Amino acid sequence: MFYNLKVKTFFLPGLFAALFFIQPVTTLANETDINVTSETGIYYTVQKGDTLWDLSQKFYDSNLVWPDLWYQNNEIFNPHLIYPGEKIRLFKKNETDNIKIAKKTKPKLPVLVPQYEYYHFPKMDSTGFLKIETKKERVKYSYKNHKKFDKPYIYKVNKNKKLISTGDLVYIKQPNNIPLSIGSLHSIYKTKLIFSKKTNKYIGTEYIVLGVIEISSKNSKNYYEAYVVKNFKDIENYSFLMPYQQKSSEIAIPVGLMEKKNSVYGKIIAAEGNPILFGEKMLAFIDKGQNQGVMIGQKFTVYKQPVTYDPDTKEKINMSPIIYGDILVIRTLKNTSTVIITNSKDFMQQGAMFTSAK
């Protein structure tokens, strides 16, 4: 596998609307959470710093929806340039979202394009994640309770093969009666409970991506056949399906942008597969995510904070941090993120600390 770091100038969709202004602009009026609907949909007023990329993540939980968002708004001539005050039509949903709308807006102003670094990681499609789940959720999706599953899963592999490879046939059960489209792609995954090496307490559930399948036919009401398009790891019975989302192998790192964010401190929960020691080029999971302001492309420094104590007062004294290496965020959830260790001076362990502070 090959990894490299390169520098480009690139236009992201709706690239950071009004992020850099040629002349100063008065701050927008206070925002209010209200519902705005019409016969044609729900509308959102663009705020300073918005991009179609970010709005897609905010309202649809996926950056990759931005082309559809652009398609629904014909008045946006260039998707790389949106401006505060523009109203963007969102897709209708079953429930109306609370959307922040600015009371007043300022005239449209040109935007300057920042520079980006790119980190190449070819295994994005096989990258998993870690979720913190309740005890009920963990038990519910144990293979022992497969009769109670409410999400699609593999119930049988053709000819009971033990080693599954590209082109093999698998059989799917969809217990919740939601039809699977013929020709649709789905990621196959299984879960693994992660426990603390020190306390043996549950700290999260690792979602391991095994491969990609394509639905080929429907046998009866809730049963389908599918073929393996890609396999990354051994595919097993009672592995679950989730919609496939193709991910770019290029991780964009906005030059200079992350330095302006507030400092973030946290810990590495575990590494992929939960080994005792892990290092460079391996994947790991951290205890901070979207709710804490963590973004894809954000870089952190992993360190150890040695301490000593004053012999007279017993006061705790922090010594100079020992730097272990660097990590890069490649996937985010609400309260956790997946990172790749871009370089390491020493092996890391579960619980290693990280920070974005300089």
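List of remarks:
- ASN335 being closer than 21 Å to LYS192 by Cβ, of a type outside the set (D, E, K, R) and surrounded by fewer than 19 Cβ atoms within 10 Å (Cβ to Cβ): yes
- Residue in the range 264-311 that is modelled with the lowest pLDDT, counting only those that are closer than 14 Å to TYR324 by Cβ and of a type in the set (S, T, N, Q): GLN305
- Residues that are out of contact with any strand residue (DSSP E or B) (no Cβ under 9 Å at 6 or more places or on another chain) and touching a residue at least 60 places away in the same chain (Cβ under 8 Å) within the range 221-255 comprise just one, SER248.
- Search result, residues across the range 130-187 that are of a type in the set (S, T, N, Q) and without any contact (Cβ under 8 Å) to a residue 24 or more places away in the chain: THR134, SER142, ASN145, ASN158, ASN160
- Residue count for the range 133-161, restricted to those that are part of a strand (DSSP E or B) and not basic (Lys, Arg): 4.
- Some residue of the range 235-245 being among the small types (Gly, Ala, Ser), closer than 30 Å to ASP54 by Cβ and outside the structural domain of TRP53 (by TED's automatic domain parsing): no
- Taking the conditions (1) crowded, with 20+ Cβ neighbours inside 10 Å; (2) assigned to a strand (DSSP E or B) in turn, ILE323 satisfies each one other than (1).
- Contacts under 6 angstrom Cβ, first residue in the range 340-358 being part of a loop (DSSP other than H, G, I, E, B), partner among the charged types (D, E, K, R), 6 or more apart: GLN350/LYS197; GLY351/LYS267
- In a residue-by-residue description of the range 305-324, the property of being under 25 Å from LYS123 (Cα atoms), of a type outside the set (A, V, I, L, M), in contact (Cβ under 8 Å) with a residue 40 or more places away in the chain and touching an Asp or Glu at 6+ places or on another chain (Cβ under 8 Å) applies to no position.
- If you go through the range 52-64 and keep only what is part of a helix (DSSP H, G or I) and either among the small types (Gly, Ala, Ser) or under 19 Å from GLU86 (Cα atoms) (or both), you end up with LEU52, TRP53, ASP54, LEU55, SER56, GLN57, LYS58, PHE59.
- Condition check for LYS261: modelled with pLDDT under 90, in contact with a Gly (Cβ under 9 Å, 6 or more places away or on another chain) and of a type in the set (Lys, Arg): yes
- Residue that is surrounded by the fewest Cβ atoms within 10 Å (Cβ to Cβ) [pool: residues in the range 275-289 that are within 14 Å of the chain's Cα centre (by Cα) and in contact (Cβ under 8 Å) with a residue 60 or more places away in the chain]: LEU283
The values are calculated or read from the model by the stated rules, or taken from the named source; none is laboratory data. Note that the coordinates shown come from a computational prediction; the quantities given were computed from them, not determined experimentally. As a convention, Cβ positions derive from the backbone with ideal geometry for all residues, glycine included, and neighbour counts pool all protein chains shown.
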